[in-house]
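Enquirer: Encoded as structure tokens, here's the structure I'll be asking about.
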Amino acid sequence: MIFSIFFHLLILFGLAPLLAGIIARVKAKIGGRQGQPLLQLYWDLGKLFRKRMVISTTTTWVFRAGPLVGFVVPVMISLLVPFGPVAAPISFSGDLVLFAYLLALARFFTVLAALDTGSSFEGMGAAREATFAILIEPTIFVVFIVLARLAGDFSLNGMFVPVKAGFNTPAGIATTLAIICLFIVMLAENCRIPFDDPNTHLELTMIHEVMVLDHSGPDLALILYGAAMKLMISAILIADLLRPVTADPLLGSLSFLVVLIILAIMVGLVESAMARLRLIRIPQLLVGTTLLSFFALIMLLR
Amino acid sequence: MLNLSPQILYQGAITILLIGAILPLTIELTHRHSTSLANGLGAGAALLGSGLGLAGALLLLFGQSSVAWQMSWASAGVNLCLRFDPLAAFFLAPVFLLTGSGALFATGILASSKQPGKSGRHWLYYNLLAVSMALVVVAADSLLFLFAWEGMSLFSFFMVIYDQDEESTRRVGWIYLVATHLSAAFLFLLFFLIYRQTGSTEFSSFATLKALPTSTAVLFFCLALIGFGSKAGLFPMHSWLPEAHAAAPSHVLALMGGVMLKLPVYAFLRFLICLPVLPAWCGLLVTGLGLAGALICIALAALQGDLKRSLAYSSGENVGLIFFGLGLWLYCREGRFDVPATLFLVGALLHVWNHAFFKSLLFFGAGAIIHATGARELSRMGGLLRRMPRTGLLLIIGGGAIAALPPLNGLISEWLLYLGLFQAGQTSIGGQAFIFMLLLVLLVIVGTLVLLAMSRILGIALSGEPRSFEAREAHEVGPAMFIAMAVSAGLCLTVGIAPGLVFPLILGPLALLSPELATGAPEILATLPFGAGWSWTCLLVLLFLAVYVWFYYRLPPGDSRRRNTWIGGLLPSPRMSYTAGGYGQLAQENLLCSCLRPPIISVRTPVFFPGHWQWRCRNIDPIMALILMPLFSQFSSMAGSWRRLQGGQMNIYLAYFFLTTILLLGWAFSS
């Protein structure tokens with residue numbers, strides 16, 4: 001088990017910044033730019049870890065706990081999630097509740113750390129983060145219900161398996177809807193366009209970026225690394241469902257990686273094709289997603 | 001060797017608490033300057049008595065036995081029955097625990113009180129409140145139960161109006177008194193009907209109620225739900241709760257919110273044991289009321305500007321969750337879903353303890369903040385984590401626990417509810433499955449709203465710059481208050497990290513409540529992931545974080561510098577930081593339906609340049625404003641027309657006497 005934990009973490013630590021790099025590259029290409037190197041985030045992280053910090057005089061330990069928890073939580077939830085053919089090292093019936101509440105733990109500390117600076121920007125971001133979570137979490141749980149009902153299992157390991165049902169069966173339709181919902185949730189949870197823009201700072205329509213304005217140096221590196229890992233885990237959840245079924249572990253891993261990269265490219269495409277939504281539209285889209293996930297549920301209730 | 005049976009420990013506890021109630025007042029009345037002696041005696045008796053009682057309750061809970069005894073009081077013509085079984089012990093343990101830690105906390109508050117001469121009264125009411133709560137739990141007789149119930153209501157009323165010099169407190173006292181007696185009226189009716197049915201006041205003879213026809217059983221059930229539910233703060237009878245729970249001193253609120261709200265739940269359960277099988281909709285009714293209360297209360301908790309009011313609404317939410325679990329247990333018990341029914345019942349019972357732990361912690365913490373700053377409004381706090389680091393840390397633990405964050409205790413009970421809903425949804429089909437799924441989603445929304453409400457309280461009160469002079473001058477609390485908070489926080493952590501320790505204690509009450517589930521329950525609980533692996537993982541992660549913090553945060557790399565928060569190049573000021581109102585505004589405007597929004601009065605002078613702008617948000621419970629107030633004013637105007645009967649003139653009253661006598665004479669002769 002120790003070995004599988006290390007293997008899991010190795011994949012996570014190694015690949016997470018690359019995925020973020022692919023998205024940035026796709027956006028740049030479509031925008032007609034050369035774009036940053038694929039491995040830019042690795043260099044950024046290395047540089048930030050060596051930098052010194054500027055810490056606000058207003059803050060306390062909570063300000064520094066935010067990035068730490070925001071880094072540790074993705075590491076912990078990754079252990080509950082199967083990485084394609086590589087099963088999750090820790091798995092038990094009901095671990096989906098732990099998955100959701102570990103995410104809530106990260107949110108709690110990020111929000112407290114943001115409020116700890118006493119800045120109105122960060123307070124605004126914190127309020128938005130906590131409020132929009134109310135709309136995101138129900139969708140996550142409905143998707144979990146749908147998948148649990150299909151798989152007859154309450155562990156992420158058993159739920160996130162390749163889709164076997166045909167697309168014209170109720171199960172297939174439900175899974176398709178669930179995947180669409182998961183994709184939207186991935187964009188919302190990871191603060192991508194159209195919910196939030198990870199590239200601009202100090203805009204009044206920002207959510208996540210504005211919460212981390214005052215972090216610098218190694219703390220900022222923890223935040224960026226944590227965000228990249230969270231993005232990767234969200235993408236992995238979708239890729240787990242979409243990957244082709246093969247018995248060959250090597251072929252399975254390769255096809256899983258390809259699906260993952262395609263997902264990253266799709267995020268890049270969405271970000272290039274869409275503008276950020278107005279803030280008051282965000283709740284409408286999120287409620288719409290919840291309704292969509294309910295349709296998926298109703299397909300399975302007969 | 002002295003044989004310490006639970007019964008002797010319990011009787012000892014009651015005796016010591018009674019002494020602790022009388023003695024301080026006597027001393028303070030006879031010696032004017034002996035406030036500290038009175039304090040010491042009152043607190044000492046409360047601590048000793050609650051220690052004994054707690055030991056007795058735990059002894060019984062571990063031993064899984066039950067004791068019943070009678071106290072004949074021939075001169076009064078009553079025969080008092082008391083019973084001490086695992087279910088009673090399960091509810092007694094938090095009663096005594098919080099009585100003790102509340103007394104410890106009170107010493108810190110009273111020592112620096114500016115009103116001498118109130119200590120004696122405080123300990124009289126406080127210890128008598130504890131005694132009557134302990135009696136409510138072990139009473140096995142309608143008369144004794146109602147007697148103790150009245151005592152509990154009255155002494156808590158006296159504690160609510162403890163700061164009676166303030167006009168608002170007296171008004172709140174009235175609301176509380178009316179609410180609690182309305183609930184008592186239903187209970188009197190209920191016990192009267194039961195007496196007519198069984199011909200006995202003893203609970204042991206209530207077993208004959210099992211033979212009741214369904215319609216009568218449902219009537220009894222509804223009466224009990226209204227009577228006990230309104231005392232527990234179940235929706236829609238929760239309106240008194242935020243009022244009363246904002247007025248009393250904080251350590252009393254820990255007792256009232258932490259355990260007093262659970263005693264109606266206990267009595268309701270005790271009563272349910274006696275009833276025959278109820279129709280399925282009864283369970284769904286309890287579930288629905290519980291969930292609606294949880295949703296509405298927590299949504300309102302996220303809007304309150306007053307720290308105590310916000311916590312009081314959160315109590316309403318937790319009571320709602322307990323009823324939610326119990327209702328689902330009732331529903332599933334009839335539908336023969338054994339696994340979910342067990343999970344719901346264990347989850348609801350565990351939540352009773354959990355809420356006692358974290359709500360007491362939060363109320364103690366709120367009391368410490370109010371003690372330190374003298375302010376109750378969130379908008380006058382801020383920056384307190386720097387000034388009160390220990391209190392702040394414990395408050396964050398409490399907030400995390402109530403938001404069900406790992407590795408704290410709130411997660412465990414909510415986990416059981418979630419898992420029960422998942423299981424029930426999985427094994428049912430069609431509309432029934434949809435109901436479970438809908439309930440699950442609504443429970444998720446409650447959970448996220450708790451996170452919003454708690455991050456708001458903690459973030460606004462503890463973080464940022466102080467928003468008032470008092471907050472700037474705040475100081476850390478003394479050791480007694482700190483220990484009281486630390487006990488609760490320690491229990492939150494213990495239950496969260498080692499839930500396996502608590503599960504065996506729940507099996508006793510579970511066997512009493514639902515004998516058909518008792519055999520399967522240990523097996524079901526063993527399949528949960530809360531064994532040694534859970535504990536070790538939690539401890540390892542906590543240890544890792546501690547080591548990391550020790551090595552890394554003590555010695556930041558390079559020379560980190562301290563600068564002002566960057567606010568667009570301006571100098572930061574507390575007036576720029578986010579406010580409690582602003583934090584909840586987005587949720588209030590986008591997510592809350594308009595009838596729940598607090599009425600907002602906004603006055604703006606229409607001039608070209610920004611001028612005077614007034615914005616005020618009225619603090620009134622929507623149920624109170626929309627339903628109860630119109631209802632009561634209608635009632636009072638109707639009653640007003642009858643008031644003419646009481647003219648106040650002697651000759652009219654004489655005429656009444658005369659008329660009554662004539663009527664009675666006529667009735668006597670005709671029959």
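The values are calculated or read from the model by the stated rules, or taken from the named source; none is laboratory data. Computed from a predicted structure; not experimentally measured. When we count neighbours, we look across all protein chains shown, and the Cβ atoms used for this are built from the backbone with ideal geometry, even at glycine.
Enquirer: Looking at (1) surrounded by fewer than 21 Cβ atoms within 10 Å (Cβ to Cβ); (2) farther than 19 Å from A:MET186 by Cβ; (3) not aromatic (Phe, Trp, Tyr), find the lone condition where A:LEU105 falls short.
Expert: Failing condition for A:LEU105: (1).
Enquirer: Same structure, new question: Starting from residues that are among the acidic types (Asp, Glu) and not in a helix (DSSP H, G or I), keep the ones in the range B:135-182 and report whichever is modelled with the highest pLDDT.
Expert: Among them, the one singled out is B:ASP141.
Enquirer: Only one of these conditions is not met by B:LEU626: (1) over 18 Å from B:HIS238 (Cβ atoms); (2) more than 10 Å from chain A (Cβ to nearest Cβ). Which number is it?
Expert: The one condition B:LEU626 does not meet is (1).
Enquirer: Another question, then. Could you tell me how many of the residues in the range A:36-59 are crowded, with 20+ Cβ neighbours inside 10 Å and away from chain B (no Cβ under 14 Å)?
Expert: Qualifying residue count for the region: 1.
Enquirer: Mind checking whether some residue in the range B:19-38 is of a type outside the set (Lys, Arg), closer than 17 Å to B:LEU92 by Cα, touching a residue at least 40 places away in the same chain (Cβ under 8 Å) and in a helix (DSSP H, G or I)?
Expert: Looking through the range B:19-38, none of the residues is of a type outside the set (Lys, Arg), closer than 17 Å to B:LEU92 by Cα, touching a residue at least 40 places away in the same chain (Cβ under 8 Å) and in a helix (DSSP H, G or I).
Enquirer: Residue by residue through the range B:360-409, note down the ones that are of a type in the set (Lys, Arg) and closer than 23 Å to A:ARG64 by Cα.
Expert: Within the range B:360-409, B:ARG386, B:ARG387, B:ARG390 qualify.
Enquirer: Please verify whether the range B:423-432 includes one or more residues that are under 29 Å from B:GLY581 (Cα atoms) and either without any contact (Cβ under 8 Å) to a residue 24 or more places away in the chain or within 7 Å of chain A (Cβ to nearest Cβ) (or both).
Expert: No, because not a single residue in the range B:423-432 is under 29 Å from B:GLY581 (Cα atoms) and either without any contact (Cβ under 8 Å) to a residue 24 or more places away in the chain or within 7 Å of chain A (Cβ to nearest Cβ) (or both).
Enquirer: Name the single residue, out of those in the range A:273-287 being assigned to a helix (DSSP H, G or I) and loosely packed, with under 15 Cβ neighbours inside 10 Å, that is modelled with the lowest pLDDT.
Expert: Going through the qualifying residues, I end up with A:ARG281.
Enquirer: Here is a follow-up. Scan the range B:489-530 for residues that are away from chain A (no Cβ under 14 Å) and either among the charged types (D, E, K, R) or not in a helix (DSSP H, G or I) (or both) and jot them down.
Expert: B:ALA498, B:VAL502, B:SER514, B:GLU516, B:THR519, B:GLY520, listed by residue number.
Enquirer: Any idea which residue in the range B:448-494 is surrounded by the most Cβ atoms within 10 Å (Cβ to Cβ), counting only those that are of a type in the set (S, T, N, Q) and over 24 Å from the mean Cα position of the chain (by Cα)?
Expert: B:SER463
Enquirer: Among the residues of the range A:63-70, is any out of contact with any Ser or Thr (no Cβ under 6 Å at 6 or more places or on another chain), within 7 Å of chain B (Cβ to nearest Cβ), β-branched (Val, Ile, Thr) and free of Cβ contacts under 8 Å to residues at least 60 places away in the same chain?
Expert: No; the residues of the range A:63-70 include none that is out of contact with any Ser or Thr (no Cβ under 6 Å at 6 or more places or on another chain), within 7 Å of chain B (Cβ to nearest Cβ), β-branched (Val, Ile, Thr) and free of Cβ contacts under 8 Å to residues at least 60 places away in the same chain.
Enquirer: Please work out which one of (1) buried (at least 21 other Cβ atoms within 10 Å of the Cβ); (2) in contact with a Leu (Cβ under 8 Å, 6 or more places away or on another chain); (3) not in a helix (DSSP H, G or I) is the condition A:ARG128 fails and give its number.
Expert: Every condition holds for A:ARG128 apart from (3).
Enquirer: Test each condition in (1) within 14 Å of another protein chain (Cβ to nearest Cβ); (2) assigned to a helix (DSSP H, G or I); (3) touching a residue at least 12 places away in the same chain (Cβ under 8 Å) for B:GLY582 and report the one that comes out false.
Expert: Checking B:GLY582 against (1) within 14 Å of another protein chain (Cβ to nearest Cβ); (2) assigned to a helix (DSSP H, G or I); (3) touching a residue at least 12 places away in the same chain (Cβ under 8 Å), the one that fails is (3).
Enquirer: Then there is this: I'm trying to understand the selection: among the residues of the range B:433-478, which are part of a loop (DSSP other than H, G, I, E, B) and more than 7 Å from every other protein chain (Cβ to nearest Cβ)?
Expert: Hits for the range B:433-478 are B:PRO466, B:ARG467, B:SER468, B:GLU473, B:ALA474, B:HIS475, B:GLU476, B:VAL477, B:GLY478.
Enquirer: Taking into account only those residues within the range A:19-35 that are within 22 Å of the chain's Cα centre (by Cα) and free of Cβ contacts under 8 Å to residues at least 24 places away in the same chain, which is surrounded by the fewest Cβ atoms within 10 Å (Cβ to Cβ)?
Expert: Of everything passing the filter in the range A:19-35, A:ALA28 is surrounded by the fewest Cβ atoms within 10 Å (Cβ to Cβ).
Enquirer: Could I ask something else about it? Does B:SER641 qualify as being out of contact with any strand residue (DSSP E or B) (no Cβ under 7 Å at 6 or more places or on another chain), assigned to a helix (DSSP H, G or I) and loosely packed, with under 10 Cβ neighbours inside 10 Å?
Expert: Judged against the criteria, B:SER641 is a match.
Enquirer: Listed residues B:ALA224, B:ALA217, B:ALA211; which is over 22 Å from B:LEU97 (Cα atoms) and either touching a His at 6+ places or on another chain (Cβ under 6 Å) or at pLDDT below 90 (or both)?
Expert: B:ALA211
Enquirer: Here is a follow-up. For the range B:237-286, which positions are under 16 Å from the mean Cα position of the chain (by Cα) and not in a helix (DSSP H, G or I)?
Expert: Residues satisfying the conditions are B:MET237, B:HIS238, B:SER239, B:ALA248, B:PRO249, B:LEU261, B:LYS262.
Enquirer: Here's something else I'd like to know. Would you please list the contacts, defined by Cβ atoms under 6 Å and residues six or more apart or on different chains, that run from a residue in the range B:377-402 that is more than 8 Å from chain A (Cβ to nearest Cβ) to a residue that is among the hydroxyl-bearing types (Ser, Thr, Tyr)?
Expert: Taking only residues 6 or more apart or on different chains, the pairs are B:SER379/B:THR579; B:ARG380/B:SER468.
Enquirer: OK, next. Counting only residues that are more than 7 Å from chain B (Cβ to nearest Cβ) and of a type in the set (S, T, N, Q), which one in the range A:125-162 is nearest to A:VAL245 (Cα to Cα)?
Expert: Among those residues, the one meeting the criterion is A:ASN157.
Enquirer: Condition first: within 7 Å of chain A (Cβ to nearest Cβ), at pLDDT below 90 and either surrounded by 19 or more Cβ atoms within 10 Å (Cβ to Cβ) or in a helix (DSSP H, G or I) (or both). Can you find one or more residues in the range B:562-570 that meet it?
Expert: Checked the range B:562-570: at least one residue is within 7 Å of chain A (Cβ to nearest Cβ), at pLDDT below 90 and either surrounded by 19 or more Cβ atoms within 10 Å (Cβ to Cβ) or in a helix (DSSP H, G or I) (or both).
Enquirer: Have a look at B:LEU408, B:LEU378, B:LEU362 and point out the one that is outside the structural domain of B:LEU61 (by TED's automatic domain parsing) and touching a strand residue (DSSP E or B) at 6+ places or on another chain (Cβ under 9 Å).
Expert: B:LEU378
Enquirer: Another one. Within the range B:531-543, identify whether any single residue is under 23 Å from A:VAL75 (Cβ atoms), of a type in the set (Val, Ile, Thr) and without any contact (Cβ under 8 Å) to a residue 12 or more places away in the chain, and answer yes or no.
Expert: The answer is yes, given that some residue of the range B:531-543 is under 23 Å from A:VAL75 (Cβ atoms), of a type in the set (Val, Ile, Thr) and without any contact (Cβ under 8 Å) to a residue 12 or more places away in the chain.
Enquirer: Where residues in the range A:273-302 are of a type outside the set (A, V, I, L, M, F, W, C) and under 13 Å from A:LEU187 (Cα atoms), which of them is farthest from the other protein chains (Cβ to nearest Cβ)?
Expert: A:ARG276
Enquirer: Among the listed residues B:CYS595, B:CYS538, identify the single one that is of a type outside the set (S, T, N, Q), within 38 Å of the chain's Cα centre (by Cα) and modelled with pLDDT under 75.
Expert: Being of a type outside the set (S, T, N, Q), within 38 Å of the chain's Cα centre (by Cα) and modelled with pLDDT under 75 holds for just one of B:CYS595, B:CYS538, which is B:CYS595.
Enquirer: For B:ARG604, indicate whether it is facing chain A (nearest Cβ under 7 Å) and over 30 Å from B:LEU449 (Cβ atoms).
Expert: no
Enquirer: Right, something else. Could you please find all residues in the range A:76-97 being facing another protein chain (nearest Cβ under 10 Å) and assigned to a helix (DSSP H, G or I)?
Expert: Matches in the range A:76-97: A:MET76, A:ASP95, A:LEU96, A:VAL97.
Enquirer: Shifting gears a bit: State all residues of the range A:73-111 that are under 24 Å from A:ALA221 (Cα atoms), without any contact (Cβ under 8 Å) to a residue 40 or more places away in the chain and not small (Gly, Ala, Ser); if no residue qualifies, say none.
Expert: A:MET76, A:TYR101, A:LEU102, A:LEU105, A:ARG107, A:PHE108
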